[in-house]
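*Asks:* Input: one structure, supplied below.
The values are calculated or read from the model by the stated rules, or taken from the named source; none is laboratory data. What you see is a predicted model; the values in this text were computed from it and never measured. Note that we place each Cβ from the backbone using ideal geometry, even for glycine, and neighbour counts take in every protein chain shown.
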Amino acid sequence: MTFLDRLVDNCERYADKVALEFLEADGSSGRGVTYGQLEEAVRKTMAYLQEKGVKKGDRVALQLPKGLPFILLHLAVMRLEAISLPLNPGYPPRELRYFLEDAAVELFFADAAAAVTVAPLPDEMESLEEVVPVKSTDSFLAQVVTYEAARQPLPRDPDATCLMIYTSGTTGRPKGAQLSYGNLTANLDALHEAWGWLAEDRILHVLPIFHVHGLIVALHGALNAGATALLLPAFEAEVALEAMEKEQCTVFMAVPTIHRRLVEAANAGEVDLSHMRLLTSGSDRLPDDLFAQFQETFGHTLLERYGMSETGMLISNPLNGERRVGSVGLPLPGVEARIVDPETEAPLPDGEVGAVQVRGANVCKGYWRRPEKTAEAFTEDGWLRTGDLGLREPDGYFTLKGRSKDLVISGGYNVYPPEVELVLAEHPGVDASAVIGCPDPEWGERVTAVIIPEAAGTLNAEEIIAFCRERLVNYKVPRRVVFVDSFPRNALGKVQKARLREQVCDE
Ligand code: MCA
C-alpha cells in the first residue's frame, strides 16, 4: 500500500467533498474540484499520457504554473509508475536545459507562454520525445475529458522512484534526489500522525508546488487526509490573511520570509485567526524574534520543523507539547537522527555541536545516475549526511547550529554558491568570484557576489546582475555585488567564506 492507495480511498470516501479549490490571485473563490472529480480527471489524464507513450520509469517534466493541469499530470504520472519531475516556471532556458538533459526527460509539459523558446528542444535532445505546451486549465481539460478513464492497477513497488527533485551540492551542478513511493508514504504517514491531520482540515496553500514543502508536505498532506486545499497562485500577505479568515482555514504552512510578511501586513491586527489549528514554519531557520512576534500578532505559536528534499520532513516540534523557540523539535515517527563528530563521524554526547545525520524509510535511495554522489552522501550503514550542524538536547529536542555545506538560503529557497560562481566565471570581466549569503531581515540571507575583476574599474554591479538574470532563476541572482582585490584563502588556497562574510556582509 502506498500513499496513492490512500488517495484513491479518499476519492471514494469523500467523493462529493472539495479536494482542491483554486482561488483567484485576489483571494476570491475559484474553480473547485471534488475528490470524486479529481479521481476521474486523474484517470483520464493517465489515459491521455498512455496514448503519449508514457510508461514505467519514464521521466515526465512539468514546468507549469500552480494549477490543475500540473496536479493532474503529477498524480497521473505517478499512477503510471513513471517519474514526476516538477520544475520552477522561472528557470531560464539554460537551467531548464540542464534538468531536461540530466534527467533524460522523455516528455515535457511546458507553460505555453514559454513554449516558444523550448519548441526546438526535442530535435536537440536525444531522450526528449515531445514538448507539450499547456495553454490554460480549460484547454487542458477539454483535451483530457475526451479520454476514457484508465483502469491501471495502483503501483505496488515501494522502492520505485516516483518523484525527482533537483538539489545541488558542492559540485555546483544540481542532482536529482530520487524519492520513491515508499519514501513519500512513510513521510506522509509520519506527518499525518504527528500533525494530527483531519479530514475537516482546510489548508490555505500559498507555496510553490515544485518543491517538497509545497508539493508533498502541504498538498499531498492535505489529499492524504481527505482535507481541502485552497490554493493561491502566489503569496501576497494581505490576501493570504483575508483568505484564511474568509475561508475559515485551519492549517497554514510557510517559510520564515512569508511569516515575516504576515506579521507586517497592513491587516495583521484586523483578522481573526482563532479557527486556525496549525501554522508551521520550515525551509529555513525561524528567527527567535519572529517566533515571538507571530505569537503576539496572531495568538498562534508557529510549529517549526526541519526537512530536506532528499528526505521530506525529519524533525518537528510537537503538535501538543512544547514548541521550543530556536529548536526544530523531535525526530518524527520512523526517523532516526544523530549528531556525530564532523571528522570521525563518531556519535557525540547530547549538548555537543556536530554534524546531523538521519536515517529512515523516508530517506531517498540516492541521486539519479550519480552513484558517486550517492556514495558521498551516505555512510556505510545508511545514514544520510545532511550537511547541517546541530546538537541534541538531553530531552531529545534538536537545534540546528549552522551548515557544513556551502549553501545560502534566501526566502526558503536553497542557493548553492558554486552554481552562481560557475555562471560568473563565464563573464569575461570576472577573474574570480565567491558567492556568499549575508544575513538579511526579510530573506534570511541575501545572495552576495564578491568578485575580483580582470582589470580594476572595468565592471559594475548592474552589469553582473543583468548577466546572472539571463542565466539563473530569480532567487539565485546576486542581490548585491562587491568588488575586491583578493579573497582570504587558507593554506590550500581555498576561499575562506566565513572570513569573507565577516569582511563583506556588515559593510
Ligand atoms: C522571489 N524573489 C526572491 C525570492 N523569491 N529573491 C530571493 N529569494 C527568494 N526566495 C525575487 C523576485 O523574483 C523579485 O525579483 C524580488 O525577489 C521580490 O519579489 P517578491 O514579489 O517580493 O517575491 P515573491 O514573489 O513574493 O516571493 C517571495 C516568497 C517566495 C513568497 C517568499 O520566495 C517563496 O514562495 N518562497 C518559498 C520557497 C519554498 O517553498 N521553498 C521550499 C524549498 P525582481 O523584482 O528582481 O524580479 S525547501 C524544501 O522543500 C524543504 C524540503 C523544506 O524543508 O521545506
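*Asks:* Filter the stretch 223-259 for residues that are of a type outside the set (A, V, I, L, M, F, W, C), within 14 Å of the ligand (Cβ to nearest atom) and surrounded by 20 or more Cβ atoms within 10 Å (Cβ to Cβ) and give the result.
*Replies:* The first filter runs over the stretch 223-259 and keeps only residues of a type outside the set (A, V, I, L, M, F, W, C), leaving 224, 226, 228, 233, 236, 238, 242, 245-248, 250, 256-257, 259.
Pick out the ones that are also within 14 Å of the ligand (Cβ to nearest atom) and you get 233, 236, 238, 256-257, 259.
Within the stretch 223-259, PRO256, THR257, HIS259 qualify.
*Asks:* Within 29 Å of PRO256 (Cβ to Cβ) and either away from the ligand (no atom under 16 Å from the Cβ) or among the β-branched types (Val, Ile, Thr) (or both): does that describe SER433? Reasoning before the result, please.
*Replies:* Numbers: within 29 Å of PRO256 (Cβ to Cβ): yes; either away from the ligand (no atom under 16 Å from the Cβ) or among the β-branched types (Val, Ile, Thr) (or both): yes.
Here the answer is yes, as SER433 does meet what is asked.
*Asks:* Condition first: polar (S, T, N, Q) and under 22 Å from GLY329 (Cα atoms). Can you find one or more residues in the stretch 252-265 that meet it?
*Replies:* Yes, the stretch 252-265 contains a residue that is polar (S, T, N, Q) and under 22 Å from GLY329 (Cα atoms).
*Asks:* Quick one: which helices (runs of 4 or more DSSP H) lie wholly within the stretch 36-145 and hold at least 3 residues that are within 29 Å of ARG469 (Cβ to Cβ)?
*Replies:* So the answer is 68-79, 93-102, 115-118, 121-124.
*Asks:* Look at GLY382 and say whether it is surrounded by fewer than 20 Cβ atoms within 10 Å (Cβ to Cβ), out of contact with any helix residue (DSSP H, G or I) (no Cβ under 9 Å at 6 or more places or on another chain), small (Gly, Ala, Ser) and outside any strand (DSSP E or B).
*Replies:* Answer is yes for this residue.
*Asks:* Another question about this same structure. Modelled with pLDDT of 95 or more, within 20 Å of the chain's Cα centre (by Cα) and more than 16 Å from the ligand (Cβ to nearest atom) - does that describe any residue in the stretch 33-43?
*Replies:* no
*Asks:* Next question, about the same structure. Any residue in the stretch 218-239 that's over 20 Å from LYS17 (Cβ atoms): show its pairings with residues that are in a helix (DSSP H, G or I) and acidic (Asp, Glu) at Cβ separation under 9 Å, as long as the two are six or more apart or on different chains.
*Replies:* From residues that are over 20 Å from LYS17 (Cβ atoms), the pairs are ALA237/GLU264.
*Asks:* State whether the residues of the stretch 393-405 include one that is farther than 24 Å from ARG324 by Cβ and either out of contact with any helix residue (DSSP H, G or I) (no Cβ under 9 Å at 6 or more places or on another chain) or at pLDDT below 95 (or both).
*Replies:* yes
*Asks:* I would also like to ask the following. Return the residues of the stretch 204-247 that are touching a Pro at 6+ places or on another chain (Cβ under 6 Å) and part of a loop (DSSP other than H, G, I, E, B); say none if nothing qualifies.
*Replies:* Listed by number, the list holds a single entry, PHE210.
*Asks:* Return the total of residues in the stretch 391-416 being under 26 Å from TYR475 (Cα atoms), crowded, with 20+ Cβ neighbours inside 10 Å and more than 14 Å from the ligand (Cβ to nearest atom).
*Replies:* Total satisfying the criteria: 1.
*Asks:* GLY493 is checked against (1) within 17 Å of ASP406 (Cβ to Cβ); (2) more than 30 Å from the chain's Cα centre (by Cα); (3) modelled with pLDDT of 95 or more and fails just one. What number does that condition carry?
*Replies:* Result: GLY493 passes all but (3).
*Asks:* A follow-up question, please. Which of the residues belonging to the stretch 291-318 are within 19 Å of HIS275 (Cα to Cα) and buried (at least 20 other Cβ atoms within 10 Å of the Cβ)?
*Replies:* PHE294, PHE298, LEU302, LEU303
*Asks:* Could you tell me which residue of the stretch 181-214 is farthest from TRP368 (Cα to Cα), considering only residues that are polar (S, T, N, Q) and within 16 Å of the ligand (Cβ to nearest atom)?
*Replies:* ASN187
*Asks:* Residue pairs, Cβ under 7 Å, 6 or more apart or interchain, first in the stretch 197-212 and acidic (Asp, Glu), second within 16 Å of the ligand (Cβ to nearest atom). List them.
*Replies:* ASP201/ALA222; ASP201/VAL251
*Asks:* When only residues in the stretch 451-462 that are in contact (Cβ under 8 Å) with a residue 12 or more places away in the chain and outside any loop (DSSP other than H, G, I, E, B) count, which is nearest to GLY429 (Cα to Cα)?
*Replies:* The extreme case among them is PRO453.
*Asks:* Ok, one more. Going through the stretch 1-26 one residue at a time, which ones are part of a loop (DSSP other than H, G, I, E, B), within 23 Å of the chain's Cα centre (by Cα) and surrounded by 17 or more Cβ atoms within 10 Å (Cβ to Cβ)?
*Replies:* THR2, LEU23
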